[in-house]
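Report on the following structure.
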Amino acid sequence: LPAIVYYEPAFAVEVEWILLDGLRRLRDRGESLYLRLSTKPVDQSLAPPPSAEYRARVLRGGYRLLDASREGGGSREGDAVEDRVHLFATGAMVPEAVAASRQLRADGILASVFVVTSPDFLYRDLREPRPYLEELVPAEEEDVPVVSVIDGHSQTLGFLGSALGVPQLAHPDH
């Protein structure tokens, strides 16, 4: 929709940053803010410590919460694609993605977790010469398949696999 920005944050600090940025956008650009929230409790201890970089990534549309490549592999030479996966989640589904990553790790599969705070911004940014999604998922991880989960319409994140050039399973949780 024109002149409206959509966000679906996972953590309270993200809501604060998005609201403040939304007020600025309303004042400066006349853009409205659509903020999709949930009444489902989310463990706030899963959030990264507040920082300028974290805030900037939240406002750009997403960030990597768990980096499986730093947990003993992931993009190591010789790792099979079948042994890696990227989990993209929004809002209230982030704790489930973290739990899934831990379970997959126990099963020998390395799963990074990406929090998508704004599917809107990630999608819009694909038209840029160097989309932000390419910064989130670097070239050495281009072959890793994607599973996306959202408490909403599965196609909200359905563009991720094709944008990254990998297979994707888009899973709604409703």
Quiz item: Tally time: how many residues in the stretch 144-161 are of a type outside the set (A, V, I, L, M, F, W, C) and either open to solvent by less than 20 Å² (accessible area, probe 1.4 Å) or over 27 Å from Glu53 (Cα atoms) (or both)?
Solution: 6
Exercise. Tally the residues that are surrounded by 14 or more Cβ atoms within 10 Å (Cβ to Cβ) and either within 19 Å of Pro95 (Cα to Cα) or out of contact with any helix residue (DSSP H, G or I) (no Cβ under 7 Å at 6 or more places or on another chain) (or both), restricting the search to the stretch 51-61.
Key: 4
Self-check item: Enumeration of residues in the stretch 93-149 that are within 21 Å of Tyr6 (Cβ to Cβ), of a type in the set (A, V, I, L, M, F, W, C) and out of contact with any strand residue (DSSP E or B) (no Cβ under 9 Å at 6 or more places or on another chain)
Solution: Leu126
Quiz item: Which pairs do you get when a residue that is at positive phi and at pLDDT below 95, found in the stretch 49-76, comes within reach of a residue that is part of a helix (DSSP H, G or I) and open to solvent by less than 60 Å² (accessible area, probe 1.4 Å), reach meaning Cβ atoms under 9 angstrom, with the pair 6+ apart or on two chains?
Solution: Gly74/Ala68; Gly74/Glu141
Self-check item: Positions within the stretch 131-143 being in contact with a Ser or Thr (Cβ under 8 Å, 6 or more places away or on another chain) and either among the β-branched types (Val, Ile, Thr) or surrounded by 15 or more Cβ atoms within 10 Å (Cβ to Cβ) (or both), in sequence order
Solution: Glu141
Quiz item: Of all the residues that make up the stretch 102-143, how many are of a type in the set (D, E, K, R) and closer than 24 Å to Ser32 by Cβ?
Solution: 5
Quiz item: Out of all the residues in the stretch 17-47, which are among the hydroxyl-bearing types (Ser, Thr, Tyr) and either in contact (Cβ under 8 Å) with a residue 12 or more places away in the chain or farther than 20 Å from Arg64 by Cα (or both)?
Solution: Ser32, Tyr34, Ser38, Thr39
Exercise. Search the stretch 139-157 for residues that are in contact (Cβ under 8 Å) with a residue 60 or more places away in the chain and over 14 Å from Val116 (Cα atoms) and pair each with any residue that is open to solvent by less than 70 Å² (accessible area, probe 1.4 Å) and of a type in the set (D, E, K, R) when their beta-carbon atoms are under 8 Å apart and the residues are at least 6 apart or on different chains.
Key: Glu141/Arg84; Val144/Arg84; Pro145/Arg84
Quiz item: In the stretch 4-42, how many residues are open to solvent by 80 Å² or more (accessible area, probe 1.4 Å), farther than 24 Å from Tyr123 by Cβ and either touching a Pro at 6+ places or on another chain (Cβ under 6 Å) or not in a helix (DSSP H, G or I) (or both)?
Solution: 2
Quiz prompt | Selection within the stretch 84-130 - surrounded by 18 or more Cβ atoms within 10 Å (Cβ to Cβ) and without any contact (Cβ under 8 Å) to a residue 60 or more places away in the chain | solution = Ala97, Val98, Ala100, Ser101, Leu104, Leu110, Ala111, Ser112, Val113, Phe114, Tyr123
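The values are calculated or read from the model by the stated rules, or taken from the named source; none is laboratory data. Everything numeric in this text was worked out from a predicted model, so none of it was measured. Neighbour counts run over all protein chains shown; Cβ positions are idealised from the backbone, glycine included. These area figures cover heavy atoms from the full protein model, side chains too; ligands, DNA and RNA do not enter into them. Shrake-Rupley method; radii C 1.70, N 1.55, O 1.52, S 1.80 Å.
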